[in-house]
Amino acid sequence: MPQVFRYDCNKHKFVPLAREKWEPESMRHWNTHNINAMLDAAEAALVVTANQLGMASCVKLVRKERAVGLLYTGTYHRTTAYFLDELALKARDAVKRLLRQGHLHLPFCTFNGGRDVFVDVGSKELGIDMLRGLVGAERAETLHMGDQFTRTGNDLLARRACGTVWVDDPGETAAMLRELLSAMDERKRLLY
């Protein structure tokens, strides 16, 4: 089950928030049958495509409550990313076909994570909106940094929720945060 934590200064640790405190109204109406139908379609597409690409022996299926994916366990080479992209695109097509039938109305995201491919029920857009609601931030006050803004990345839908910065690695994320904090300090100094 998805979980959200908040840091408790008195206890000096993260404590779970009650689901009703963070779960958006739209998620409360998600039907388990529909979630499983979506994940079943995605799983079938992933397995069939992995077999077609000759990758069945170098992937491991992972099924979660609201996600399904394949972990790549083979030797990584320069063409691996293309195979993983193909898996993500085929899974997306399978879910979109199911949605076009009109029975399901669930947000989803398919992505190539570099060494895995997943289909998630939900999206970064939904997650960012949920977090913004928890901290009381407006879209204009929120910035998302990510490294997967391509068609098969999981950060693409974040652009609907707030401003975004495309970074390549954790070092670049740290550098961007230092720049942002410096600019905020300078602005505060000029205003006060």
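What follows is calculated from the coordinates using simple rules that are stated; it is not laboratory data. Keep in mind that what you see is a predicted model, and the values were worked out from it rather than measured.
Structure data summary
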quantity	calculated
Computed helical MRE - 222 nm, the chain, DSSP H runs ≥ 4 contributing -39500 (n - 2.57), nearest 500	-14000 deg cm²/dmol
Column: log10 I(q)/I(0), Debye, Cα scatterers of the range 123-192, q = 0.11, 0.16, 0.21, 0.24 Å⁻¹	-0.31, -0.64, -0.96, -1.09
Within the chain, percent of DSSP bridges classed antiparallel, to nearest 5	85
Cα gyration tensor, the range 29-163 - rounded (a/c under 1.5), prolate or oblate	oblate
For the range 11-65: span of alpha carbons on each principal axis (Å, largest first)	50, 32, 12
Alpha carbon Rg of the range 1-102, scaled by the compact-globule rule 2.2 N^0.38 Å	1.41
